[in-house]
Amino acid sequence: MPLSREIGKFGAMYRAEAEAMFGLEFVQAAVARKVCVATETDYGWVLYLAHKGRRMIGLTSTFQSRTENLENAACSRDAYLRVVEMGHSVETVERQRRASITYTKAGIRVLALAQARGFNRTVTRRNYSNWVESGEYGELHLYSYLSTGEVMEFGMLMLHSKNANALTIDPAKFLLYSLTPWPVAHRQETAGPDTSPQLD
């Protein structure tokens with residue numbers, strides 16, 4: 001149940017984090033009993049809930065276990081961990097309508113979105129208009145696994161669009177974060193024999 005609840009928060013979590021949190025044997029048993037499934041992504045092995053695990057925590061909705069979805073779910077979890085680490089007060093975690101985290105930063109209500117491989121500029125500008133310009137949120141924060149240089153390049157393109165008619169973005173209300181995937185960030189802490197299933 002504890003592992004299923006942790007995976008269920010975002011739909012996936014890195015196996016290395018699960019093993020650090022619950023122990024190697026516990027995670028191995030959960031996989032062996034088909035409570036969760038381990039699969040490889042470009043950022044590390046992740047766990048997602050099998051049907052048995054979903055039933056355990058009362059989930060009835062479906063989750064598409066495509067690699068992109070798993071990477072984004074794990075990235076959302078890393079973003080959540082970063083928000084909590086920075087001491088902000090998380091209000092809600094939304095997985096259905098839009099994968100998002102809502103939190104308060106210095107009295108400002110923030111909407112945070114996470115996508116492992118980054119964001120589409122047109123969609124981001126529309127989101128900014130719908131959620132920040134409307135006054136529903138004070139700031140829009142984007143988290144991804146893009147490098148710092150890639151994040152800066154994306155930010156410059158958003159703030160200085162070549163399209164004269166593009167919506168103006170207030171840099172004080174639009175923050176970008178470059179995340180390090182959990183297994184990479186904690187590599188020294190979890191160093192040991194590789195227990196992940198091997199691919200043929």
Check your understanding: Is one or more of the residues making up segment 44-60 more than 18 Å from the chain's Cα centre (by Cα) and of a type in the set (S, T, N, Q)?
Key -> yes
Study note, to complete from the structure: When (1) buried (at least 18 other Cβ atoms within 10 Å of the Cβ); (2) in contact with a helix residue (DSSP H, G or I) (Cβ under 7 Å, 6 or more places away or on another chain); (3) at pLDDT below 95 are applied to residue 13, the one that fails is (3)
Practice item. Look at residue 53 and say whether it is farther than 16 Å from residue 114 by Cβ and free of Cβ contacts under 8 Å to residues at least 12 places away in the same chain. Key: no
Check your understanding: Does residue 38 satisfy the criteria of being under 23 Å from residue 147 (Cα atoms), at pLDDT 95 or above and hydrophobic (A, V, I, L, M, F, W, C)?
Key -> no
Check your understanding: Are any residues in segment 138-168 outside any helix (DSSP H, G or I) and either within 28 Å of residue 42 (Cβ to Cβ) or modelled with pLDDT of 95 or more (or both), and if so, which ones?
Key -> 138, 139, 140, 141, 142, 143, 144, 145, 146, 147
Study note, to complete from the structure: Going through segment 128-156 in order, the residues found to be of a type in the set (A, V, I, L, M) and more than 28 Å from residue 182 (Cα to Cα) are 132
**Study point:** Options 3, 81, 70; residue that is closer than 23 Å to residue 139 by Cα, open to solvent by less than 70 Å² (accessible area, probe 1.4 Å) and not basic (Lys, Arg)
**Key:** 81
Review point. So, in segment 40-53, of the ones that are part of a loop (DSSP other than H, G, I, E, B) and touching an Asp or Glu at 6+ places or on another chain (Cβ under 9 Å), which residue ends up nearest to residue 6 (Cα to Cα)?
Key: 43
**Study point:** Hits in segment 114-132 (condition: touching a Phe, Trp or Tyr at 6+ places or on another chain (Cβ under 7 Å), open to solvent by less than 30 Å² (accessible area, probe 1.4 Å) and of a type outside the set (Ser, Thr, Tyr))
**Key:** 114, 116, 118
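The values are calculated or read from the model by the stated rules, or taken from the named source; none is laboratory data. None of the values given here were measured: they were computed from a predicted structure. All Cβ positions, glycine included, derive from the backbone under ideal geometry; neighbour counts span all protein chains shown. Just so you know, the surface numbers come from the protein's heavy atoms only, side chains and all, with ligands and any DNA or RNA stripped out. Shrake-Rupley method; radii C 1.70, N 1.55, O 1.52, S 1.80 Å.
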